[in-house]
């Protein structure tokens with residue numbers, strides 16, 4: 001046995017001991033169990049204060065006051081849209097100003113700005129009582145921006161716990177620079193050091209056992225080698241992990257084959273943005289879908305249109321119909337659909353000035369048209385049990401795209417200025433009687449194997465299914 005394999009074996013033993021010794025057994029869910037979940041992503045600091053009536057104005061560069069109790073107070077708002085999973089910010093204590101959670105300084109203490117350990121337990125319990133699962137965002141690549149004053153970090157308070165001081169200057173995966181240099185000058189943890197591996201595993205088991213999270217989103221996955229992720233995944237009970245791999249499809253493929261069960265679906269994100277935000281050729285959707293099908297488990301990829309690291313969709317276009325089409329597509333193609341908080345309030349904003357992370361409470365949690373649209377999308381997804389059926393393309397050209405999943409068909413267009421009509425063959429509607437557009441409640445036809453579909457100028461996507 002080599003020194004490296006001996007160290008990995010030791011981590012596995014420690015993980016088992018911790019699981020047995022823990023007061024509560026973790027309830028992490030497998031990747032397969034996450035199929036059918038629809039995720040609402042929040043930034044804990046920006047979603048809801050404990051007392052929104054007295055909430056402060058939000059300086060987007062500082063803590064704004066969002067809390068776990070605030071999340072509990074607004075669970076009706078999230079559940080009302082039909083979401084059955086919530087992705088929250090990293091929970092651990094952070095360097096000053098780390099409202100986002102990605103600047104850890106203590107992996108074994110919760111961030112007091114969001115509430116106490118008991119507040120977090122209460123939030124997770126409240127979610128589970130509604131059959132809403134909770135996804136924890138984790139960071140194991142780096143610490144907060146402490147420079148070289150590692151005494152501020154627990155338990156990684158020695159220089160040997162980190163790589164050298166070099167800076168990442170390019171973002172191609174599998175390079176020595178990406179693995180061993182600092183991203184944005186954040187101290188880069190050295191996972192080849194046994195103490196670092198052991199403590200990271202212990203910290204995650206503490207979080208999973210104490211708070212009963214159901215799955216994980218992992219930050220900066222491509223900055224650590226695949227072997228480490230595979231070891232960690234096994235050590236913490238093989239939960240669903242959606243790993244942030246922000247590079248190329250080949251990189252996503254490699255990490256999904258060996259490392260993490262799924263990745264954050266940036267390849268699809270860029271395609272969806274190009275098609276629906278920039279009126280790109282809709283045949284790109286088919287190309288992206290076929291590429292995604294080469295992954296070991298394309299149905300586990302985490303699909304999204306917006307998130308905390310990118311400009312919001314409506315920053316570059318005012319087309320609500322195209323926005324709705326993009327959202328509907330990420331729900332009904334392969335993958336686990338995820339919607340970023342504020343989408344339902346038509347938020348704009350850029351990542352360069354953090355305005356894509358504004359506070360939600362000034363919206364008064366209004367039930368907008370988009371809120372109700374997402375409620376319909378979630379309702380159709382749930383009632384049709386779409387994950388029981390494969391995705392099948394039925395039409396694609398430059399400005400019109402249709403797919404089917406079992407007894408439904410989604411048709412979208414990338415323009416809201418011109419009506420689009422297509423005759424779609426090989427449909428599953430023959431003999432079903434009347435079929436209608438679920439989103440509008442109208443546009444009813446007699447179900448046939450071939451149907452002519454029109455999306456009028458300014459209309460939203462159409463979801464054809466048997467009349468309820």
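Residues are listed down the side, and each one gets a yes or a no for (1) buried (at least 24 other Cβ atoms within 10 Å of the Cβ); (2) within 24 Å of residue 307 (Cβ to Cβ):
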position	(1), (2)
196	no, no
212	no, no
229	no, yes
243	yes, yes
246	no, yes
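Is the range 66-84 home to any residue that is under 22 Å from the mean Cα position of the chain (by Cα) and closer than 30 Å to residue 148 by Cβ? No: the range 66-84 contains no residue that is under 22 Å from the mean Cα position of the chain (by Cα) and closer than 30 Å to residue 148 by Cβ.
Could you grab me the full set of residues in the range 168-191 that are touching a residue at least 60 places away in the same chain (Cβ under 8 Å) and over 10 Å from residue 224 (Cα atoms)? Don't jump to the end; show me each part of the working.
Let us first name the residues in the range 168-191 that are touching a residue at least 60 places away in the same chain (Cβ under 8 Å), namely 171-174, 186.
Matches in the range 168-191: 171, 172, 186.
Candidates in the range 212-238 are the residues that are in a loop (DSSP other than H, G, I, E, B) and farther than 24 Å from residue 123 by Cα; of these, the one that is nearest to the chain's Cα centre (by Cα) is 220. The set of residues in the range 242-288 that are closer than 27 Å to residue 413 by Cβ, in contact with a strand residue (DSSP E or B) (Cβ under 7 Å, 6 or more places away or on another chain) and part of a helix (DSSP H, G or I) comprises 268, 269, 283, 285, 286. Of all the listed residues (63, 77), the sole one being part of a loop (DSSP other than H, G, I, E, B), at pLDDT 95 or above, over 29 Å from residue 257 (Cβ atoms) and in the same structural domain as residue 145 (by TED's automatic domain parsing) is 63.
Provide a single number: the residues in the range 27-60 that are more than 23 Å from residue 380 (Cβ to Cβ) and in a loop (DSSP other than H, G, I, E, B). I'd like the intermediate steps shown before the answer.
Residues of the range 27-60 that are more than 23 Å from residue 380 (Cβ to Cβ), as a first pass: 27-31, 42-60.
The next check asks that each one be in a loop (DSSP other than H, G, I, E, B); those that pass are 27-30, 42-43, 48, 50-51, 55-60.
Of the residues in the range 27-60, 15 are more than 23 Å from residue 380 (Cβ to Cβ) and in a loop (DSSP other than H, G, I, E, B).
When we screen 404, 462, 453 for residues that are without any contact (Cβ under 8 Å) to a residue 40 or more places away in the chain, outside the structural domain of residue 300 (by TED's automatic domain parsing) and surrounded by 20 or more Cβ atoms within 10 Å (Cβ to Cβ), the only hit is 404. The set of residues in the range 458-468 that are at pLDDT 95 or above and in a loop (DSSP other than H, G, I, E, B) contains only 461.
Residue count for the range 361-411 under the criterion of being touching a helix residue (DSSP H, G or I) at 6+ places or on another chain (Cβ under 6 Å) and on the phi > 0 side of the Ramachandran plot: the result is 1. Filtering the range 159-172 to residues that are at pLDDT below 95 and closer than 18 Å to residue 189 by Cβ leaves 164, 165. Looking at (1) over 25 Å from residue 97 (Cα atoms); (2) assigned to a helix (DSSP H, G or I), can you tell me which one residue 171 breaks? It fails just one condition, (2). Every test in (1) modelled with pLDDT of 95 or more; (2) over 30 Å from residue 335 (Cα atoms) is passed by residue 90 save one, and that test is (2). Can you find, within the range 375-401, the residue that is surrounded by the fewest Cβ atoms within 10 Å (Cβ to Cβ) among those that are within 25 Å of residue 281 (Cα to Cα) and within 23 Å of the chain's Cα centre (by Cα)? By that ranking, first place goes to 390. For residue 184, the conditions (1) more than 18 Å from residue 98 (Cβ to Cβ); (2) surrounded by fewer than 19 Cβ atoms within 10 Å (Cβ to Cβ) all hold with the exception of (1). Residue 442 meets all of the listed conditions (1) at pLDDT below 95; (2) crowded, with 18+ Cβ neighbours inside 10 Å; (3) in contact with a strand residue (DSSP E or B) (Cβ under 7 Å, 6 or more places away or on another chain); (4) closer than 27 Å to residue 319 by Cα but one, namely (2).
Name the single residue, out of those in the range 126-141 being in contact (Cβ under 8 Å) with a residue 12 or more places away in the chain and out of contact with any helix residue (DSSP H, G or I) (no Cβ under 8 Å at 6 or more places or on another chain), that is nearest to residue 240 (Cα to Cα).
First, pick out the residues of the range 126-141 that are in contact (Cβ under 8 Å) with a residue 12 or more places away in the chain: 126-128, 130-141.
Then drop every residue that is not out of contact with any helix residue (DSSP H, G or I) (no Cβ under 8 Å at 6 or more places or on another chain), which leaves 128, 131, 135, 137, 139.
Working: 128: 17, 131: 17, 135: 9, 137: 12, 139: 15 Å.
By that ranking, first place goes to 135.
The values are calculated or read from the model by the stated rules, or taken from the named source; none is laboratory data. Computed from a prediction, not measured in an experiment: that's the story for all the values here. Glycine also receives a Cβ, built like all others from the backbone with ideal geometry; neighbour counts cover every protein chain displayed.
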